Amino acid sequence: MRGARVVQKVSSTRAFARVAPHVVPALDRAVHRLTRGKVLLSAQLLPGVVLTSTGARSGLPRRTPLACMPEDGGRCWILVGSNFGRPGHPAWSHNLLAHPDAEISWKGRGVPVTARLLEGTERAAAWQALLAFWPPYAAYQARVEREIRVFRLVRR
């Protein structure tokens, strides 16, 4: 558990927020591709998926490795648009708002899903569960003025 606390502390820093968006997704995509969807490096710390969404403007498929919080025995997933605590919403969240039907790679399998932006009391409850699951989300929210988007993905 000590190692997990160190990782959480490091991932809460502004330095991590500057570097991680350029390094973590690229490594995740490369390893995921090389292992034919069986391994996602960041999933060694947190559960993860590779989200394939439709570009909001381009209409093209966009693949993004993301941490997730599985729910209901792996029938649903919570995605957090934290963008590592950077100011803007991540592009994948815009894509899901425009095109909620997507696909995730979960444990090496493609799963068709529909995404829904959580709001109000439903978002508040999910946010509390997320903070217990990965405390650095609190540091990310404290650094930005926007409300971090939280999505629930449900199998189609």
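What number comes out for the charge environment of residue 86, summing +1 per Lys or Arg and -1 per Asp or Glu over other residues with Cβ under 9 Å away?
+2
Excluding residue 61 itself, calculate the net charge of residues whose Cβ lies under 15 Å from the Cβ of residue 61, where each Lys or Arg counts +1 and each Asp or Glu counts -1.
Charge balance near residue 61 sits at +3.
Please give the solvent-accessible surface of residue 133 in Å², to the nearest 10, using a probe radius of 1.4 Å with every protein chain present.
70
When the Karplus curve 6.51 cos²θ - 1.76 cosθ + 1.60 is applied with θ = phi - 60°, which whole-Hz ³J(HN,Hα) does each residue of segment 100-111 get, with x for Gly and Pro?
The phi angles translate into x, 7, 8, 9, 10, 9, 10, 6, x, 10, x, 10 Hz.
Tell me the per residue accessible area of segment 55-156 using a 1.4 Å probe; a whole number in Å² is fine.
51
The values are calculated or read from the model by the stated rules, or taken from the named source; none is laboratory data. Keep in mind the model is a prediction, meaning the values are calculated, not measured. All Cβ positions, glycine included, derive from the backbone under ideal geometry; neighbour counts span all protein chains shown. These accessible areas exclude ligands, DNA and RNA; they are computed on the full protein's heavy atoms, side chains included. Shrake-Rupley method; radii C 1.70, N 1.55, O 1.52, S 1.80 Å.
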